[in-house]
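Colleague: Before we start, here is the structure in question, set down as structure tokens.
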Amino acid sequence: METTHNMSPWTLIAEASLLVQLVMLILVLASLISWFLIVQRSSLMASARHSLSRFEQSFRSKDSNLKQLYQKQQPESPGVEGIFYAGYYEFAHLQSQQSEPEAVMEGVQRAMHVAISREQQRLEKHLPFLATVGSVSPYIGLFGTVWGIMNSFIGLSQSEQATLAAVAPGIAEALIATAIGLFAAIPAVIAYNRFAARSEGLVSRYYDFAEEFSIILHRRLHNRAGN
């Protein structure tokens, strides 16, 4: 019973060397921050996707009025609402200055591209941290493992009786560092790949919306010019 108690994970962590404990602490903190970001990014991506679908439905509705839709938005609205606001604001501003249709459309597209770029930065925020945790954590854990095994063999060389029981606790505590490193890395890598793909998909849909909106505004400009 005593041997089993001494070989429990918590006991091994408590009795590990200071450096191995520091490695484990760093990995645990990285894992906790990663999980916080995973939850936060999941909520943000889901909100952006639902907001885009809802706005596209209103935008493409037969009863849709662009001016009324514009008046419902805020200048700092996130997502597709902000892209629409930036495009329509620039359209109304340049049109009030009696600018040429080509200049109006160029300004509208430029304004929407800036808004899309800003939204892309918002969606991809903190993703580099997840990528870093996913790529570095296994190596940090491996460093703790190598250090722990090295200490175990140093202690074994100084012992009169070289037995497996003497070296097993040190090797076990060292392997725990690798396990924690993998525990931190695997979710971070999966989350990074998933969020990067979702962000790319949303940005692609934003560009599609910007093109569709540009076509509508371009058609409106030429209809007025024809009249």
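The values are calculated or read from the model by the stated rules, or taken from the named source; none is laboratory data. It should be emphasised that the depicted structure is a prediction, and the values quoted were computed from it without experimental measurement. Here Cβ is always computed from backbone atoms with ideal geometry, including for glycine, and neighbour counts include all displayed protein chains.
Colleague: Among the residues of the range 48-58, how many are surrounded by fewer than 17 Cβ atoms within 10 Å (Cβ to Cβ) and in contact (Cβ under 8 Å) with a residue 24 or more places away in the chain?
Modeller: Pass one, the range 48-58, residues surrounded by fewer than 17 Cβ atoms within 10 Å (Cβ to Cβ): 49-51, 53-54, 56-58.
Okay, now just the ones that are also in contact (Cβ under 8 Å) with a residue 24 or more places away in the chain, so 49, 51, 56.
Adding up the residues that qualify gives 3.
Colleague: On to the next question. Taking Q158 and the conditions (1) within 23 Å of S58 (Cβ to Cβ); (2) at pLDDT below 90; (3) surrounded by fewer than 17 Cβ atoms within 10 Å (Cβ to Cβ), which numbered condition does it fall short on, given that it satisfies the others?
Modeller: Among (1) within 23 Å of S58 (Cβ to Cβ); (2) at pLDDT below 90; (3) surrounded by fewer than 17 Cβ atoms within 10 Å (Cβ to Cβ), the lone unmet condition for Q158 is (1).
Colleague: Give the range 88-109 a look and list any residue that's part of a helix (DSSP H, G or I), surrounded by fewer than 16 Cβ atoms within 10 Å (Cβ to Cβ) and of a type in the set (S, T, N, Q), or say none.
Modeller: S96
Colleague: Among the numbered criteria (1) among the β-branched types (V, I, T); (2) under 16 Å from F209 (Cβ atoms); (3) in contact (Cβ under 8 Å) with a residue 40 or more places away in the chain; (4) out of contact with any His (no Cβ under 9 Å at 6 or more places or on another chain), which one does V114 miss?
Modeller: (3)
Colleague: I would also like to ask the following. Suppose we filter the range 67-87 for residues that are surrounded by fewer than 17 Cβ atoms within 10 Å (Cβ to Cβ) and closer than 15 Å to L217 by Cβ; how many remain?
Modeller: The number of residues fulfilling the criteria is 2.
Colleague: So, one more: State whether one or more residues within the range 161-173 are modelled with pLDDT of 70 or more, buried (at least 21 other Cβ atoms within 10 Å of the Cβ) and of a type outside the set (A, V, I, L, M, F, W, C).
Modeller: So in the range 161-173, the residues modelled with pLDDT of 70 or more come out as 171-173.
Checking the rest, the ones that are also buried (at least 21 other Cβ atoms within 10 Å of the Cβ) come to 173.
Still in the running and of a type outside the set (A, V, I, L, M, F, W, C): 173.
Yes.
Colleague: What number of residues within the range 107-132 satisfy the criterion of being of a type in the set (F, W, Y) and in contact with a Phe, Trp or Tyr (Cβ under 8 Å, 6 or more places away or on another chain)? Steps first, answer last, please.
Modeller: At the first step, the residues of the range 107-132 found to be of a type in the set (F, W, Y) are 129.
Now restrict to residues that are in contact with a Phe, Trp or Tyr (Cβ under 8 Å, 6 or more places away or on another chain): none.
The number of residues fulfilling the criteria is 0.
Colleague: Also, quick follow-up: Of the conditions (1) under 18 Å from E212 (Cα atoms); (2) of a type in the set (F, W, Y); (3) modelled with pLDDT of 90 or more, Y70 clears all except one; give me its number.
Modeller: Y70 satisfies all of (1) under 18 Å from E212 (Cα atoms); (2) of a type in the set (F, W, Y); (3) modelled with pLDDT of 90 or more except (3).
Colleague: Here's a follow-up. Taking the condition of being touching a Phe, Trp or Tyr at 6+ places or on another chain (Cβ under 7 Å) and at pLDDT below 85, how many residues in the range 75-91 meet it? Reasoning before the result, please.
Modeller: Taking the range 75-91 as the starting set, the residues that turn out to be touching a Phe, Trp or Tyr at 6+ places or on another chain (Cβ under 7 Å) are 75, 77, 80-81, 83-85, 87-88.
Among the residues that remain, those that are also at pLDDT below 85 are: 75, 77.
Count: 2.
Colleague: What tally of residues in the range 92-113 results from selecting those that are modelled with pLDDT of 90 or more and in contact with a Gly (Cβ under 9 Å, 6 or more places away or on another chain)?
Modeller: 4
Colleague: Just a yes or no: is a residue in the range 124-147 within 30 Å of N65 (Cα to Cα), part of a helix (DSSP H, G or I) and touching a residue at least 60 places away in the same chain (Cβ under 8 Å)? Don't jump to the end; show me each part of the working.
Modeller: Of the range 124-147, the ones within 30 Å of N65 (Cα to Cα) are none.
No, because not a single residue in the range 124-147 is within 30 Å of N65 (Cα to Cα), part of a helix (DSSP H, G or I) and touching a residue at least 60 places away in the same chain (Cβ under 8 Å).
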